Amino acid sequence: MNDKPLNITVRGTGIVGVWQALVLATRGHQVTLVSKTSEPFKEASSWIAGAMLAPFCETESAEPVIRRLGLSSLPLWQQAFPHVVQNGTLVVASSRDQSELQRFGRQTEEYEAIDAVKLQEIEPDLADRFRSGLFFPREAHLQPHWALTHILQKAMEAGVQTQFGHPERPEGSDYIIDCRGMAARDELPDLRGVRGEMVILRTNEVTLSRPIRLLHPRFPLYMVPWPENYFMIGATVIESDDQGPVSVRSGLELLGSAYAIHPAFGEAEIVRMSANLRPSFPDNIPKIIVRNNTLYVNGLYRHGFLTSPALAHLVADYLQAGTIDEEVFVVEH
Amino acid sequence: MLSFYGRKVDSRLLMGTSMYPSPDILQKAVRASRAQIVTVSLRRESASRQSGQGFWKLIRELDVHILPNTAGCKSVREAVTTAQMARELFETPWIKLEVIANDDTLQPDLFGLVEAARILAADGFEVFPYTTEDLGAAERLLEAGCKVLMPWGAPIGSARGLNNPYALKTLRAWFPDIPLVVDAGIGAPSHAAKALEMGCDAVLLNTAIAKAADPVKMARAFAGAIEAGRQAFEAGVLEPRDMASPSTPVAGTPFFRLD
């Protein structure tokens, strides 16, 4: 391990791949980014992600390592992408599900329990809808399409060569960073898909300033406001490898929760409904698997945007100095 | 020893498999609880397309009996079709039959349940019906061919414990030889212990463990409570009395203060 520039091929143009390419190129390596599709992002599950940078809320069901990676990724996002919106996250529940709010509060930290007055102040459109909530002020969100495009562009500016529509395994690299998500499944037998479905709506009748998480004992969902009056509602979490279109049941759940957040969404346009698979390992924690001269960065589950920047730096540190983060590295022999 | 349709089990805890933070934590929780039966939902994980394989592989690794369920089915036909898919997929005649009447309370539709149970039992299934505490429905289910009863404690996920202990006692008294599993509504280990103390044979639960801050520890807590409840039942729990009954003899003790 040394500081010599390496010839590195990054495979896969989802959020993991573009971040790896950017960070490795910025550290002075010769990087080629390859993708089997001629259009980048087209098949990436990150294209339909919620893209919330919510290290505290995710602690409700994720291991502490996710929070750690998320917290170190947040400033990296802010440095690399000018449109990170750090307005926090608001967690609400209907009056009959208040016990869910209490449970969520017990399992997370860094929030403020807010009443109707404060709710009116920060999210006026929801003031009539909810009487209380949990506010996580340090959390952020972004528009995933803009972010992916921007990070790819920055990577290219940093010298990354791209070969899109290039299905072959590249030859002659010192290292291959494999970020292909589910496409790497043949080589990573532990990887499974966890299906997620989402809806994009558009309306100018509701204004939200931050992601809203609506707790429910069976269908906890969230809504993220995007620029230009778009709203993304996600996401189902189904233990299934089925990549087919959104089911009616899931569509009802997603649209029902939009309506529950605000009835004006009843008049919104349905812009798109999409489904894809989250690549996941059995513990739902991302892994960097070192196998000969290939490093697989995979299994980001529902934490792709949250943890990709930190994972890119962990890979770069490994290539440079051999450092290993015990919680995410698996070095095979 | 407790047995369901001729299969003996050591553990009186049946575990659901949904809503865990990860399959890994689910596996650890099942191992910690030493449960030997887990129930798996097919409806959501679209069995028709064989698509939940990654998850099912992890469930199979547990090496426990798999009890597929028809959670979310709202009609007899849907439940029967789901059961048939489950049999094919998991190669087991066992089916936890749920026919849901109300989306909100997830209360069983007793009429549909009895009908579906009859169809499935005639088709060779070994049916575990998720029912209420209703005695009449229980009789019909047994008539239909069920050899297990799974009355609810309280609505699914409500964590309220045993809403109607009197009716559960009635079921126990009427059907002393039918395995009685309290399914749904258990929130705390003490609820489970109570069910076992009353003579129920086992409990089935999911949310109380899956949504605990530490599911593995909670699984262990339930295992302990269930074991305690069962031992108490076997040992014979005292009936409550209206009056105090001191355990040391009262006769001869002075009723005036000596000091």
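The values are calculated or read from the model by the stated rules, or taken from the named source; none is laboratory data. Every value quoted in this text rests on a predicted model; they were computed, and no experiment measured them. Ideal geometry is used to build each Cβ from the backbone, glycine not excepted, and the neighbour counts take in all protein chains shown. Accessible surface is based on the protein model in full, side chains and every heavy atom, while ligands, DNA and RNA are left aside. Shrake-Rupley method; radii C 1.70, N 1.55, O 1.52, S 1.80 Å.
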* **Qualifying position, being open to solvent by less than 10 Å² (accessible area, probe 1.4 Å), at pLDDT 95 or above and farther than 19 Å from A:Trp47 by Cβ, among A:Ile177, A:Ile151** => A:Ile177
* Asked: Mind checking whether some residue in region A:42-60 is among the aromatic types (Phe, Trp, Tyr), open to solvent by 10 Å² or more (accessible area, probe 1.4 Å) and part of a helix (DSSP H, G or I)?
  -> yes
* To do: Considering only region A:251-333, give the strands (runs of 3 or more DSSP E) lying wholly within it that have at least 1 residues that are open to solvent by 30 Å² or more (accessible area, probe 1.4 Å) and among the aliphatic types (A, V, I, L, M).
  => A:269-280, A:329-331
* Structure fact -> Taking region B:51-75 and keeping residues assigned to a loop (DSSP other than H, G, I, E, B) and either more than 9 Å from chain A (Cβ to nearest Cβ) or open to solvent by 50 Å² or more (accessible area, probe 1.4 Å) (or both) leaves B:Glu61, B:Leu62, B:Asp63, B:Val64, B:Thr70, B:Ala71, B:Cys73, B:Lys74, B:Ser75
* Asked: Condition test on A:Arg138, is it in a loop (DSSP other than H, G, I, E, B), more than 14 Å from every other protein chain (Cβ to nearest Cβ), open to solvent by 40 Å² or more (accessible area, probe 1.4 Å) and touching a Gly at 6+ places or on another chain (Cβ under 8 Å)?
  -> yes
* Asked: If only one of A:Arg278, A:Arg291 is over 15 Å from A:Leu201 (Cβ atoms), within 14 Å of chain B (Cβ to nearest Cβ) and not aromatic (Phe, Trp, Tyr), which one is it?
  -> A:Arg278
* Structure fact -> Every listed condition ((1) part of a helix (DSSP H, G or I); (2) farther than 26 Å from B:Gly224 by Cα; (3) not hydrophobic (A, V, I, L, M, F, W, C)) holds for B:Lys147 save (1)
* **Residues that are open to solvent by 10 Å² or more (accessible area, probe 1.4 Å), touching a residue at least 60 places away in the same chain (Cβ under 8 Å), more than 13 Å from chain A (Cβ to nearest Cβ) and not basic (Lys, Arg), drawn from region B:3-38** => B:Ser3, B:Tyr5, B:Ser11, B:Ala32
* Do the conditions hold for A:Ala184, that is, is it of a type in the set (A, V, I, L, M) and farther than 29 Å from B:Ala71 by Cα? -> yes
* Asked: Can you tell me how many residues in region A:231-248 are outside any loop (DSSP other than H, G, I, E, B), within 13 Å of A:Val199 (Cβ to Cβ) and free of Cβ contacts under 8 Å to residues at least 60 places away in the same chain?
  -> 3
* If you scan region A:185-195, which residues turn out to be crowded, with 19+ Cβ neighbours inside 10 Å and either assigned to a loop (DSSP other than H, G, I, E, B) or at pLDDT 95 or above (or both)? -> A:Leu188, A:Leu191
